[in-house]
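The values are calculated or read from the model by the stated rules, or taken from the named source; none is laboratory data. This is a predicted model, so every value here is computed, not measured. With ideal geometry, Cβ positions are generated from the backbone for all residues, glycine too; neighbour counts draw on all protein chains shown.
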Amino acid sequence: MEIDRIHFYVLDATQIQDFLIKKMGLRYLGCEIKEHTIEYLVGNAHLLFSISSPLTSASPVAKYLQFHPSGVSDISFRVRDLAAVGEKIDRLGIKILETSATDDRLPWLRIQGWGSIEHTIIQAPPKSINSPSDLDESITGIDHLVLNVAVGELAPATIWYQNLFDFQVKQTFDIQTQQSGLTSNALVSTCGKIRFNINQPSSINSQIQQFLDLNQGAGIQHIALQTKNILPTVHRMQQQQLPFLSIDPTYYNQLQIRARTAQNCILTPDEWQQLQQLQILADWSDSSPEALLLQIFTEPIFEAPTFFFEIIERRNRATGFGQGNFQALFEAIEARI
């Protein structure tokens, strides 16, 4: 099982595809007009984004935007056995919204996911997007996605994705700041290729609750994009004027104090300097300090402050999601509210 594509419904698809190309280094892959909707394809050899906006009020995108701000509308998966997935969907009583036409080359079906999210499930071999061999792809795939759900929905949403896709909970954590809090389950597919986190607020003033209020319900808060070398990747993005969240300088003071006890933490003095200059977060486990989790988060990219991207490097096979980093992230978000 793999992610096929992420489909965004937005007010202005032309503006968003331009943003992803100019500021994040993705590539234009095509455009199609379908009666009432314009759709762009943007990505690279490792990921595919579909970006749609309405041309008339009859567009399904226009109907979506009546209830929700711009954001992720569909997470599409490729599976080896669509028939088996279809049988499981039927057994679980999940409603199928649409199925492929008889003349479609590849069979697929679309179902309602949690909240406003839909899932298109496709019977298909791994896709291949032609990419010039000499092209430097800074972004090498999707590391994980994060779904925000309402209070009391964390357990049932987790069970829903476990039952349908056989996702397994690999990590749970609880983040508390001076202003708010959340609890989270980190799910992973059996093949290990998909990481899917689910958050719920643990206080009435939580930023997760603010997301839910603005989004009119559950939805995707952010997508983490993989990179093999975060320092030059973020440097290039900042040169292209991609706005990132600012981190309190005290974070780096505390980080260096912690690093002094980690004998195998392999950051050079120059990398420490770049880390702070670029506002990148770092985390590691005390048992494996050489396995570094390096992360940075953009400002929200749509008209409502609901969705943002994360850039992440897992150095030396780092696992997890950086609970210490999330603490700093949430404090940074709260500082701008």
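Being out of contact with any strand residue (DSSP E or B) (no Cβ under 9 Å at 6 or more places or on another chain) and over 30 Å from R78 (Cβ atoms) is a description that does not apply to Q238. In the stretch 135-177, what count of residues is obtained for those that are closer than 30 Å to H235 by Cβ and of a type in the set (A, V, I, L, M)? Looking only at that region, the number is 6.
Just so you know, in the stretch 135-159 the residues that are within 14 Å of L182 (Cβ to Cβ) and of a type in the set (A, V, I, L, M) include one that is surrounded by the most Cβ atoms within 10 Å (Cβ to Cβ), and it is L147. Inspect all residues belonging to the stretch 200-208 and state whether any of them is free of Cβ contacts under 8 Å to residues at least 24 places away in the same chain and either touching a Pro at 6+ places or on another chain (Cβ under 7 Å) or among the hydrophobic types (A, V, I, L, M, F, W, C) (or both). Yes; the residues of the stretch 200-208 include at least one that is free of Cβ contacts under 8 Å to residues at least 24 places away in the same chain and either touching a Pro at 6+ places or on another chain (Cβ under 7 Å) or among the hydrophobic types (A, V, I, L, M, F, W, C) (or both).
Being surrounded by fewer than 19 Cβ atoms within 10 Å (Cβ to Cβ), more than 27 Å from D18 (Cβ to Cβ) and touching an Asp or Glu at 6+ places or on another chain (Cβ under 7 Å) is a condition met by no residue of the stretch 231-247. Here the condition is being touching a residue at least 12 places away in the same chain (Cβ under 8 Å) and in contact with a Pro (Cβ under 7 Å, 6 or more places away or on another chain); of E2, E35, it holds for E2 alone. Out of the residues in the stretch 294-320 that are aromatic (F, W, Y) and in contact with a Gly (Cβ under 7 Å, 6 or more places away or on another chain), which is farthest from V10 (Cα to Cα)? In this case the residue turns out to be F307.
Applying the criterion of being of a type outside the set (V, I, T) and modelled with pLDDT under 90 to the residues of the stretch 102-114, the residue that is farthest from the chain's Cα centre (by Cα) is D103. Scanning the stretch 187-221 for residues that are within 10 Å of L147 (Cα to Cα) and touching a His at 6+ places or on another chain (Cβ under 9 Å) yields F196, N197, G219.
Among residues of the stretch 11-24 that are surrounded by fewer than 15 Cβ atoms within 10 Å (Cβ to Cβ), those with a beta-carbon under 7 Å from a residue that is not in a helix (DSSP H, G or I) and not acidic (D, E) at least six positions away or on a different chain give the pairs K22/Q240. Examine the stretch 176-188 for a residue that is in contact with a Gly (Cβ under 9 Å, 6 or more places away or on another chain), farther than 22 Å from F8 by Cα and not assigned by TED's automatic domain parsing to the domain that holds F67, and state whether such a residue exists. Yes, the stretch 176-188 contains a residue that is in contact with a Gly (Cβ under 9 Å, 6 or more places away or on another chain), farther than 22 Å from F8 by Cα and not assigned by TED's automatic domain parsing to the domain that holds F67. Quick one: in the stretch 171-211, of everything that is of a type in the set (A, V, I, L, M) and within 30 Å of R80 (Cα to Cα), which residue is surrounded by the fewest Cβ atoms within 10 Å (Cβ to Cβ)? Filtering the stretch 171-211 for residues that are of a type in the set (A, V, I, L, M) and within 30 Å of R80 (Cα to Cα), the one surrounded by the fewest Cβ atoms within 10 Å (Cβ to Cβ) comes out as V188. Tell me whether the stretch 85-100 contains one or more residues that are surrounded by 12 or more Cβ atoms within 10 Å (Cβ to Cβ), within 16 Å of G219 (Cα to Cα) and not polar (S, T, N, Q). No, the stretch 85-100 contains no residue that is surrounded by 12 or more Cβ atoms within 10 Å (Cβ to Cβ), within 16 Å of G219 (Cα to Cα) and not polar (S, T, N, Q).
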